[in-house]
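The values are calculated or read from the model by the stated rules, or taken from the named source; none is laboratory data. The shown structure was predicted, so the numbers you read here are calculated from the model rather than taken from an experiment. Ideal geometry is used to build each Cβ from the backbone, glycine not excepted, and the neighbour counts take in all protein chains shown.
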Amino acid sequence: MRQCHSQLRRGVRELARHNPEGALKRFETALNSCPVEEHDDLERIFYYLAFALLRLGRPNGAVRSFRAATRLRK
């Protein structure tokens, strides 16, 4: 679970540095390492993943990621 949090923080840092490709890799790693029971963490990962996808010019993937995040919030 610690890897999930560290990869999420690194992805957010990459977004802040205007590097969406690096952020995308970090968020994918965070998704793969995050347990399914951690709904709050998964929601945050999907939320930031959507922003990375938007910056990369992939709006369809971003919408899917936003929808996944909102489903986890319920």
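Answer with yes or no whether Leu8 is crowded, with 18+ Cβ neighbours inside 10 Å, in a helix (DSSP H, G or I), within 10 Å of the chain's Cα centre (by Cα) and at pLDDT 90 or above. When the stated conditions are applied, Leu8 passes them. Taking Leu31, is it under 19 Å from Leu72 (Cβ atoms), under 11 Å from the mean Cα position of the chain (by Cα) and in a helix (DSSP H, G or I)? Against the criterion (under 19 Å from Leu72 (Cβ atoms), under 11 Å from the mean Cα position of the chain (by Cα) and in a helix (DSSP H, G or I)), Leu31 qualifies.
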